Amino acid sequence: MKKRLAIGLAAIIIIVVSISAFATIEMYDPAVATKKPFYVGVTYCGSSTAEAKQLIDKVANYTNLFVLDSGTLQDNVQATEEIGDYAINSGLNVMLCHNLSGNKSGIAPLLTLVQGRWGNQFLGLYFGDEPGGIMLDTIDHFSNSTTDARITKQTGTIQITTGSDDNRIDTYFESSGIIMINTWATGEVTIIQPANGTEQAWPIHSQVQSSFVKNTTTYFPNGTITYVTSSDTGYNPLTYLPNGTVLDKNGTQVTDQGNISQFEPYHQLWDSSPLGSYANAADMFVNYEQSNLNSIGNQSAVKLFTADYGLDWFDYKAGYDVVLGELGWNQSTLQNLALVRGAADMQGKDWGTMITWMTAAYPSLPSGDKMYEDLKLSYEEGAKYSVVFNYAPGDNGTGLLQDEHFAALQKFWTNVVVNPKETNNVKAQDALVLPKDYGWGMRNPTDTIWGLWQSDAKSPQVWSTMQGSLSKYGSKLDIVYDDPAFPVAGRYVLVYYWNQTG
């Protein structure tokens, strides 16, 4: 009796275990993998509606997004409607693009039009391109429609301009610590260097008019201030020393020109400048990008996109809804994914990738096999969008896509996007936290910081820690910033800081 009971109990246990095991298998069966919405497509950057339609016909069966990225057509409402309608009728979603130099006044009515025309199949507006990359690498120009201030940035120098040409103030902040403020009408500035009294010309206009009045105040880190009044009849330079002494252009002490206390203190000017700190540079970037985004009008229902290869965190802070992290330029795919995903996840935004050129010197897309792997990795790491940048200068819109790339897109669509065993519904488990406002390009150990400073004492440790973390945690890692607005506590299994040891 006991034996039969034991056998019966064993049978029941075997059945229960089998059912549990089967249920477990079903629970983790890749065939029921969860998915979130995903969009993959290509850009059209040419000027022909016929060519755009040909590209749509080519990719419609294995993409679901068409990006009209044509500078020529961006203000052509009729062509935009025609191409967009054709893409929508082909079963695709549509994204429009507009660069900062275009007719901004036409954007808001166009967005209202296409929202009503295309509904949910209009995904948003790609507005401006690579704002972070431009900050890092080029002489950049910022403008603010509210304050009318214009900023010109290059490595080591910030110029802030207010007013018109006939009533204008230029303020220059140099990484050396020198601050120069020009109040001028026309002509050229004469600067007196207190070390030797040598005159230097600072050309403002290529043509000097016969009459001008200019005041130039130059602040030096050692506390010395020079003040120069220039006109068509000559100039009157004065040097104000920290000890209260005032010297004329001959080095003779004068007593009827006040003293250094009449000027704003050096440290107040410097601390308020974009070069005063990384936090100031971050504020400058975010504020002026916000101004650009606000210039398109109140379009809260429209998602704003950009693509970038640096400073993704700050692109999101400026107001972009989606950043497409650029994969290319011979840079680390894993690192770029960790940066853009970390920025999006922490700030509650969507993210994606853009497959772009391998190098800038010779515009070309990666091989078909490499494109497939980058698209697949983007999807598996949680991207919502992947776009192939199909453009090279001077190609008249025919693009860079070759047969191997179309084949890669088709393979990706079949093997990954519509494959029920593949999921993009994932998030990182671990995070590496970078210093607050540390706008380092991170493409190499000596990259610039905010495009204004050379790499600093933190850079080697940040680089080493980042490479070690990527090697150790791989695709599980997000790279984020120390930012009180977005605390990491409770968001990740493991949080590792850039200066953490052990």
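The values are calculated or read from the model by the stated rules, or taken from the named source; none is laboratory data. What you see is a predicted model; the values in this text were computed from it and never measured. All Cβ positions, even for glycine, are placed from backbone atoms using ideal geometry, and neighbour counts span all protein chains on display.
State yes or no: is residue 129 in a loop (DSSP other than H, G, I, E, B) and at pLDDT 80 or above? Yes.
Of all residues in segment 422-452, those satisfying the criterion of being closer than 14 Å to residue 313 by Cβ and small (Gly, Ala, Ser) are 431, 439, 441.
If the requirement is being out of contact with any Asp or Glu (no Cβ under 7 Å at 6 or more places or on another chain) and not polar (S, T, N, Q), which of these qualifies: 368, 348?
Numbers: 368 fails: out of contact with any Asp or Glu (no Cβ under 7 Å at 6 or more places or on another chain).
Of 368, 348, the one residue that is out of contact with any Asp or Glu (no Cβ under 7 Å at 6 or more places or on another chain) and not polar (S, T, N, Q) is 348.
For residue 269, the criteria (1) at negative phi; (2) not β-branched (Val, Ile, Thr); (3) not in a helix (DSSP H, G or I) hold in every case but one, which is (3). Scanning segment 443-495 for residues that are buried (at least 18 other Cβ atoms within 10 Å of the Cβ), part of a strand (DSSP E or B) and touching a Ser or Thr at 6+ places or on another chain (Cβ under 7 Å) turns up 449, 477. Out of all the residues in segment 301-324, which are buried (at least 23 other Cβ atoms within 10 Å of the Cβ) and in a strand (DSSP E or B)? Matches in segment 301-324: 305, 306, 307, 308, 322, 323, 324.
Condition (residue is part of a helix (DSSP H, G or I) and at pLDDT 85 or above) applied to segment 58-72: is it met by at least one residue? Even if it seems obvious, please write down each step before you answer.
Initial filter on segment 58-72 (part of a helix (DSSP H, G or I)): 58-59.
Retained after the next criterion (residues that are at pLDDT 85 or above): 58-59.
Scanning segment 58-72 turns up at least one residue that is part of a helix (DSSP H, G or I) and at pLDDT 85 or above.
Restricting the first member to segment 111-125 and to residues that are touching a residue at least 12 places away in the same chain (Cβ under 8 Å) and surrounded by fewer than 20 Cβ atoms within 10 Å (Cβ to Cβ), and the second to residues that are hydroxyl-bearing (Ser, Thr, Tyr) and outside any helix (DSSP H, G or I), no beta-carbon pair is closer than 7 Å while six or more apart or on different chains. Per the conditions (1) under 21 Å from residue 309 (Cβ atoms); (2) surrounded by fewer than 18 Cβ atoms within 10 Å (Cβ to Cβ), the sole criterion not satisfied by residue 402 is (1).
Quick one: in segment 67-83, of everything that is free of Cβ contacts under 8 Å to residues at least 60 places away in the same chain and hydroxyl-bearing (Ser, Thr, Tyr), which residue is surrounded by the most Cβ atoms within 10 Å (Cβ to Cβ)?
The first filter runs over segment 67-83 and keeps only residues free of Cβ contacts under 8 Å to residues at least 60 places away in the same chain, leaving 68, 71-83.
Okay, now just the ones that are also hydroxyl-bearing (Ser, Thr, Tyr), so 72, 80.
Numbers: 72: 12, 80: 20.
Top of the filtered list is 80.
Kindly indicate whether residue 329 is at positive phi, outside any strand (DSSP E or B) and either touching a Cys at 6+ places or on another chain (Cβ under 8 Å) or at pLDDT below 95 (or both). Spelling it out, residue 329 is indeed at positive phi, outside any strand (DSSP E or B) and either touching a Cys at 6+ places or on another chain (Cβ under 8 Å) or at pLDDT below 95 (or both). Considering only segment 346-385, state which residues are of a type in the set (Val, Ile, Thr) and buried (at least 22 other Cβ atoms within 10 Å of the Cβ). Across segment 346-385, the qualifying residues are 353, 355, 356. Flag not set for residue 275, criterion: among the aliphatic types (A, V, I, L, M), surrounded by fewer than 20 Cβ atoms within 10 Å (Cβ to Cβ) and under 28 Å from residue 457 (Cβ atoms).
Do we find that residue 276 is more than 16 Å from the chain's Cα centre (by Cα), under 20 Å from residue 175 (Cβ atoms) and not hydroxyl-bearing (Ser, Thr, Tyr) in this structure? If you could, list the steps in order and put the result at the bottom.
Numbers: more than 16 Å from the chain's Cα centre (by Cα): yes; under 20 Å from residue 175 (Cβ atoms): yes; not hydroxyl-bearing (Ser, Thr, Tyr): yes.
Yes, satisfied.
May I ask you to say which residue of 440, 498 is closer than 18 Å to residue 135 by Cβ, surrounded by 13 or more Cβ atoms within 10 Å (Cβ to Cβ) and modelled with pLDDT of 95 or more?
440
Kindly indicate whether residue 327 is crowded, with 19+ Cβ neighbours inside 10 Å and of a type in the set (A, V, I, L, M). Reasoning before the result, please.
Details: crowded, with 19+ Cβ neighbours inside 10 Å: yes; of a type in the set (A, V, I, L, M): yes.
Here the answer is yes, as residue 327 does meet what is asked.
Looking only at segment 43-63, filter to residues that are polar (S, T, N, Q) and free of Cβ contacts under 8 Å to residues at least 40 places away in the same chain; which one of those is surrounded by the most Cβ atoms within 10 Å (Cβ to Cβ)? Write out each step before concluding.
Here is the first cut: in segment 43-63, the ones polar (S, T, N, Q) are 43, 47-49, 54, 61, 63.
Next cut, free of Cβ contacts under 8 Å to residues at least 40 places away in the same chain only: 49, 54.
Details: 49: 19, 54: 12.
Taking the candidates together, the pick is 49.
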